[in-house]
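Following: one structure in structure tokens, then a few remarks.
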Amino acid sequence: MPTYKLKINSQEYTIEAEAQTPLLWAIRDEVGLTGTKYGCGIAQCGACTVHLNGNPVRSCSLPVSAIVGQEITTIEGLSEDSSHPVQKAWLEVQAPQCGYCQSGQIMSASALLEKNPSPSDEDIDQAMSGNICRCGTYHRIRKAIHLASKEISNGSK
């Protein structure tokens, strides 16, 4: 079986996997980071969202052979102590309900704010449209993103 070197959360891991093995399974089963969730398995729900070179991607449909040498960030890599402004805002507005989709939601939101620190409601709706929440917490998610935006604008990141 081939081996691949993956840089996840600033650490390098060598994994054995078939070329088409989805990144999600490398992250969860080989590296042992379980914050990234399996949702639909076809890149439609966003539960498995991670950052690849700072951009949100669906790890369930991205083969490990296609990402060697690139920077991968999971929810565990966003901050060591959940102090990222998006994570803090999520807690403050009680955004999660069941919580299953939330790591993917937070990863998409943090990528949005990295590129657009002051998004409008329309910007948020567009950026978050690929992340599905079966509990329907979209209003609280939008509120959390605006709150995180204010914190980032005030200089905390």
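The values are calculated or read from the model by the stated rules, or taken from the named source; none is laboratory data. No experiment lies behind these values; they were computed from the predicted model shown. When we count neighbours, we look across all protein chains shown, and the Cβ atoms used for this are built from the backbone with ideal geometry, even at glycine. Heavy atoms of the whole protein, side chains included, go into the accessibility calculation; ligands, DNA and RNA do not. Shrake-Rupley method; radii C 1.70, N 1.55, O 1.52, S 1.80 Å.
Could you tell me whether Ala95 is under 22 Å from Thr137 (Cα atoms), among the aliphatic types (A, V, I, L, M) and either touching a His at 6+ places or on another chain (Cβ under 9 Å) or in contact (Cβ under 8 Å) with a residue 24 or more places away in the chain (or both)? Walk me through how you get there before you give the answer.
On the way: under 22 Å from Thr137 (Cα atoms): yes; among the aliphatic types (A, V, I, L, M): yes; either touching a His at 6+ places or on another chain (Cβ under 9 Å) or in contact (Cβ under 8 Å) with a residue 24 or more places away in the chain (or both): yes.
It is true that Ala95 is under 22 Å from Thr137 (Cα atoms), among the aliphatic types (A, V, I, L, M) and either touching a His at 6+ places or on another chain (Cβ under 9 Å) or in contact (Cβ under 8 Å) with a residue 24 or more places away in the chain (or both).
Residues that are touching an Asp or Glu at 6+ places or on another chain (Cβ under 9 Å), within 23 Å of Cys60 (Cβ to Cβ) and surrounded by fewer than 18 Cβ atoms within 10 Å (Cβ to Cβ) within the stretch 98-157 comprise just one, Tyr138. Being within 10 Å of the chain's Cα centre (by Cα) and either under 21 Å from Pro119 (Cα atoms) or open to solvent by 40 Å² or more (accessible area, probe 1.4 Å) (or both) is the filter here, so list the residues in the stretch 29-40 that pass it. Lys37 - this is the single residue of the stretch 29-40 that is within 10 Å of the chain's Cα centre (by Cα) and either under 21 Å from Pro119 (Cα atoms) or open to solvent by 40 Å² or more (accessible area, probe 1.4 Å) (or both).
Scan the stretch 16-26 residue by residue and report those that are touching a residue at least 40 places away in the same chain (Cβ under 8 Å) and over 15 Å from Val50 (Cα atoms). Result: Ala17, Ala19, Gln20, Thr21.
Take the conditions (1) under 19 Å from Ser110 (Cα atoms); (2) open to solvent by 50 Å² or more (accessible area, probe 1.4 Å); (3) aliphatic (A, V, I, L, M); Ala43 misses just one of them, which is (2). Within the stretch 3-15, residues that are under 10 Å from Gly69 (Cα atoms) sit with their Cβ atoms under 7 Å from residues that are of a type in the set (Phe, Trp, Tyr), at 6+ positions apart or across chains, in these pairs: Leu6/Tyr13.
Of all positions in the stretch 75-86, none carries a residue that is part of a loop (DSSP other than H, G, I, E, B) and touching a strand residue (DSSP E or B) at 6+ places or on another chain (Cβ under 9 Å).
The residues of the stretch 116-157 that are part of a helix (DSSP H, G or I), farther than 19 Å from Ser83 by Cβ and without any contact (Cβ under 8 Å) to a residue 12 or more places away in the chain, listed by number, are Glu122, Asp123, Gln126, Tyr138, His139.
Restricting Ser156, Ser82, Ser110, Ser59 to residues that are modelled with pLDDT under 95, closer than 29 Å to Ala26 by Cβ, out of contact with any Phe, Trp or Tyr (no Cβ under 7 Å at 6 or more places or on another chain) and of a type in the set (S, T, N, Q) narrows the list to Ser82.
Within the stretch 27-45, residues that are among the basic types (Lys, Arg) have Cβ atoms under 8 Å from residues that are crowded, with 19+ Cβ neighbours inside 10 Å in these pairs: Arg28/Thr36; Lys37/Ala47; Lys37/Cys48; Lys37/Cys101; Lys37/Ser103; Lys37/Gly104, counting only partners at least 6 apart in sequence or on another chain. If you go through the stretch 48-89 and keep only what is of a type in the set (Gly, Ala, Ser), surrounded by 17 or more Cβ atoms within 10 Å (Cβ to Cβ) and touching a residue at least 60 places away in the same chain (Cβ under 8 Å), you end up with Gly77, Ala89.
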